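Remarks on the structure that follows.
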Amino acid sequence: MADIMKAPRGTRDILPGESERWELLNNVAQEIFGRYGYSRIVTPTFELTDVFQRAIGQESEIVQKQMYTFQDKGGRSLTLRPEGTASVVRAYVEHNLGASGPLPVKLYYGGQMFRYERPQAGRYREFWQLGVEVLGSDDPTLDAEVISMLNEFYETLGLKGLVTLINSMGCPECRPAYIKLLSDFLDSAEGLCPECEGRRKTNPLRIFDCKQPGCHETLKDAPKISDNLCESCERHFGSVKELLADAGVQTEHDEMLVRGFDYYQRTTFEVQSGNLGAQNAIGGGGRYDGLVEQYGGPPTPAIGFAVGCERILLALGDNIKGEVAGLDVFIVVIDHTMRKDAFRIARTLRAAGISCDMDFTGRSVKSQMKQANKRAAKSVLFLGPDEFEQGKIKLRNMESGDETEVSTDSLAGAVKGMLV
Ligand SMILES: [Zn+2]
Ligand SMILES: [Zn+2]
């Protein structure tokens, strides 16, 4: 016998039972994002490697360790996307989306991302993200709208006990002076992990991202970016907080929140769920006002977020049910020479919007009934030769057990009548 093959480490199959939860998540996203005026964008699963290097930054853990990069047969360096923003910005610039309509342009996406990481609960090497990107405005109202929409998304799904951490990462105006201040502090700091020792020179801000307790402890005494904002960033951050409070969104200013991508500026945020333990971030994002220019586009302020679907489903637990939808009708074929009649009846019912299925394997009536129960069929049609010849079929209501003989001419109507 041939070996049974398994999906690669860090990937998984989403099977019926789970896929319904999945679809629900995507439908809620589509409904809510649509209500806020977003349109869907679909970008390729892989891009030229430079697309990600440019946005995420050479120093980042993603670029250094986690990307699935390969050379194609034409000798190009390609990378499976590790996140969504870079591709959306690349597409925005390539198709000049900013010129074709009023700003801001509101886009959302959903799809697989790929990162070579150590697999753990709710974390996979191929994982699904939903995200939005809004390009063309730096107004704090937009930041507040994006963050409150994210909260509405979680609330609609039934997630409770959420906290949105929020911070400002400053802008090219105020950040250099702050970096200098931080570097001075780090020069005399002790207890940094080897990796952060390296970052100290290249990108000290990224040390805030380190999960090592020693580094975290050291940084508690470090100067904070939010205490060193320029007047305009200060005002922007103040407005965002005020608008969010006004919208009833629970936020907490976390002055240590500095998200790991180079492109973030000003508002940055992360939503945490109390249900997930240490790995409790279920989504986050921020403003990336300089990124479009890095891709050769015009100066275009922008903001976005991404949420990890696996982590949301994990946090939701049983709050979101993955029940396979029951069939309206199962057709039990008593005489198997009549399968082509069953096929015709199934077509008629489906055309009338009734979900139905039938036996395809020549099982006994008893095991067809078992199958009907397993499929949670609300009714069963018994297709027997004698009645059928007289233009009749027996219809059983599976809930009440009541049976009636219905005419083959008005089958769809009879089934619909029974389903009400
Ligand atoms: Zn500033
Ligand atoms: Zn560290």
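The values are calculated or read from the model by the stated rules, or taken from the named source; none is laboratory data. These figures come from a predicted structure and were not determined experimentally. Every residue, glycine among them, receives a Cβ derived from its backbone with ideal geometry; neighbour counts consider all protein chains shown. Accessible surface is based on the protein model in full, side chains and every heavy atom, while ligands, DNA and RNA are left aside. Shrake-Rupley method; radii C 1.70, N 1.55, O 1.52, S 1.80 Å.
Numbers for the structure displayed
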{"item": "Breaking point among (1) exposed (fewer than 15 other Cβ atoms within 10 Å of the Cβ); (2) more than 16 Å from ligand 2 (Cβ to nearest atom); (3) among the β-branched types (V, I, T), for T251", "result": "(1)"}
{"item": "Any hit, region 90-98, residues being in the same structural domain as Y263 (by TED's automatic domain parsing), surrounded by 16 or more Cβ atoms within 10 Å (Cβ to Cβ) and closer than 30 Å to K201 by Cβ", "result": "yes"}
{"item": "Residue in region 223-238 that is without any contact (Cβ under 8 Å) to a residue 40 or more places away in the chain, within 14 Å of ligand 2 (Cβ to nearest atom) and not assigned by TED's automatic domain parsing to the domain that holds Y92 present", "result": "no"}
{"item": "For E155: the one exception among (1) without any contact (Cβ under 8 Å) to a residue 60 or more places away in the chain; (2) not in a helix (DSSP H, G or I)", "result": "(2)"}
{"item": "Residue within region 35-48 that is open to solvent by 70 Å² or more (accessible area, probe 1.4 Å), assigned by TED's automatic domain parsing to the domain that holds P102 and charged (D, E, K, R) present", "result": "yes"}
{"item": "All helices (runs of 4 or more DSSP H) inside region 340-420 with 1 or more residues being in contact with a helix residue (DSSP H, G or I) (Cβ under 9 Å, 6 or more places away or on another chain) and farther than 18 Å from L327 by Cα", "result": "385-389"}
{"item": "Residue in region 167-189 that is surrounded by the fewest Cβ atoms within 10 Å (Cβ to Cβ), counting only those that are more than 16 Å from ligand 1 (Cβ to nearest atom) and not in a loop (DSSP other than H, G, I, E, B)", "result": "D187"}
{"item": "T156 vs. criteria closer than 16 Å to F305 by Cα, more than 16 Å from ligand 2 (Cβ to nearest atom) and surrounded by fewer than 16 Cβ atoms within 10 Å (Cβ to Cβ)", "result": "no"}
{"item": "Subset of region 144-176 [acidic (D, E) and farther than 18 Å from P299 by Cβ]", "result": "E145, E152, E155"}
{"item": "All positions within region 4-28 that are closer than 26 Å to M67 by Cβ and open to solvent by 100 Å² or more (accessible area, probe 1.4 Å)", "result": "M5, K6, R9, D13"}
{"item": "Condition check for K370: closer than 19 Å to R347 by Cα and open to solvent by 30 Å² or more (accessible area, probe 1.4 Å)", "result": "no"}
{"item": "Selection count where residues are out of contact with any strand residue (DSSP E or B) (no Cβ under 8 Å at 6 or more places or on another chain) and in contact (Cβ under 8 Å) with a residue 24 or more places away in the chain, scope region 97-121", "result": "3"}
{"item": "Which numbered condition D335 misses (of (1) touching a strand residue (DSSP E or B) at 6+ places or on another chain (Cβ under 9 Å); (2) touching a residue at least 40 places away in the same chain (Cβ under 8 Å); (3) surrounded by 16 or more Cβ atoms within 10 Å (Cβ to Cβ))", "result": "(3)"}
